[in-house]
Amino acid sequence: MSVERLRETRRIGGRRIVLREARRTDAAAIAALFSRIYKGKYPLEFGNNVAVLKSEIADPSRAMWLVAQDAAGRGLVGAILFLCDAQNRMCKVLGGVVLPEYRRGGLGTTLLKRGLRFMTRQARVADVLYGTTRTVSEGPSKMVAEAGFHKLGIFPNAVQIEELEHLNLDVYLTDRALRLRRRTPYLYAPFASIYDIARRQLGLERAHVVTQRDPLKLTKKKIMLSYDGDPARAAALFGRYSEQKRISNSFFPFHSPNAVLSAQDGGADVFLWNGGVGKQTMILGFRSDYASHHDLLDAVALAVQNSGAAYVELLVDAYDYVIQQEAYTAKYIPSAYFPAMRLAGDGHRDDYFVVSRTFRIIDFTSAYVTRESLPYLRSYMRSYEALYIEPLKRGDAR
């Protein structure tokens, strides 16, 4: 890279630290940081692949790796990645890593704050930033809180490192994002609880809750799906249907399909991103000829569970109570609320729910849950009981 967009020296934890944008020649050193901390178990590809790191560093319009270097000549001691979505004026923050002996003095927080300021005030490419934090200790949650992020949800069993872990959703909203936010979501009633938590946190308006909806019920005859794990074929089919405007529920930034589930009767194709050593699945959109989609979403969950996944996730429009009801009927639980996530064509920013299903035991006994996250966890568990326990009490479980 010919010009560094960011470079400065600070004294942090008693040491002189250079904060700068990474160069392609830093890729191996960044990979070494991940190797030392995660010992090859980091769940995303850049944590183990120097070629991926080099490609990200080489594309400053899409990504910025911000690194911390010991000015005494001891090499890189920390790094963090900011992925950019120019269309939605959004950044995803991930890959934060700092050597243990350099954590005193808040180097991780400094990296995060400096990158955030660059994206929102200097480059001015983002109105919204978000990331997820682990719940194995207090440190990650403390770091994002000090940078001004809000905890807006929790995802049980969302990632596997040593073992399955839960993640928090952390969102940073600029004043501009909140000004442009589209007001008054339309909610299917079971989604109101999690919205109200976010509303109280951020001072949002009350939503319109739709209660007069005929109930949906999963059919006993399941949709049969065939799996194709070829990323090139999945991407090509997704692109073709997108050009034909035949993809529904297709907003999922920073992910591209690497697999597709196709209904054996030809009625649907569901596009997936599989990651996290095969334990995570994201539904990126679907082409469907079915009148409603609750049976399809249920079939997807069963298919990815049978493939070994522990967790599946879907983004749901906060103004579309129909897809909310379909997802809930398919036992996807409202897990997080993301205000002002998507920049729409009319200039407003739209809110989204994150809904998820997990196929493993939910155990929070060793997790660090913040005061901000606890209401979301309680809301999640109430929905879990309503969907998975109450039917047994009524005797109508399938």
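The values are calculated or read from the model by the stated rules, or taken from the named source; none is laboratory data. These figures come from a predicted structure and were not determined experimentally. All Cβ positions, even for glycine, are placed from backbone atoms using ideal geometry, and neighbour counts span all protein chains on display.
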Check: assigned by TED's automatic domain parsing to the domain that holds PHE251, in contact with a helix residue (DSSP H, G or I) (Cβ under 6 Å, 6 or more places away or on another chain) and of a type in the set (D, E, K, R) - does that describe any residue in segment 337-358?
Finding: yes
Next item on the list: Name the one entry in LEU164, LEU178 that is among the hydrophobic types (A, V, I, L, M, F, W, C) and in contact with a helix residue (DSSP H, G or I) (Cβ under 9 Å, 6 or more places away or on another chain).
Entry: LEU178
Next item on the list: Quick one: count up the residues across segment 216-234 that are in contact (Cβ under 8 Å) with a residue 40 or more places away in the chain, assigned to a loop (DSSP other than H, G, I, E, B) and either out of contact with any Gly (no Cβ under 9 Å at 6 or more places or on another chain) or not assigned by TED's automatic domain parsing to the domain that holds ALA303 (or both).
Entry: 8
Notebook entry, point to check: Looking at segment 6-97, what strands (runs of 3 or more DSSP E) fall wholly within it and have at least 2 residues that are free of Cβ contacts under 8 Å to residues at least 40 places away in the same chain, within 30 Å of LEU178 (Cβ to Cβ) and not assigned by TED's automatic domain parsing to the domain that holds GLY276?
Noted result: 75-85
Next item on the list: Give me a count of the residues in segment 134-145 that are in contact (Cβ under 8 Å) with a residue 40 or more places away in the chain and within 24 Å of ASP196 (Cα to Cα).
Entry: 3
Check: Which condition does ARG357 not pass, out of (1) in a loop (DSSP other than H, G, I, E, B); (2) in contact (Cβ under 8 Å) with a residue 12 or more places away in the chain, if it passes all the others?
Finding: (1)
Margin query: If VAL322 meets every condition in (1) assigned to a helix (DSSP H, G or I); (2) touching a Gly at 6+ places or on another chain (Cβ under 8 Å) apart from one, which number is that one?
Written below: (2)
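Each row is one residue, and each column tells you yes or no for (1) in contact (Cβ under 8 Å) with a residue 60 or more places away in the chain; (2) surrounded by 21 or more Cβ atoms within 10 Å (Cβ to Cβ); (3) more than 27 Å from GLY95 (Cβ to Cβ).
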| site | (1), (2), (3) |
| --- | --- |
| LEU272 | no, yes, no |
| GLY308 | no, no, no |
| ASP320 | yes, no, yes |
| PRO334 | yes, yes, yes |
| ALA340 | yes, yes, no |
| HIS348 | yes, no, yes |
| ARG371 | no, no, no |
| TYR376 | yes, yes, no |
| LEU387 | no, no, yes |
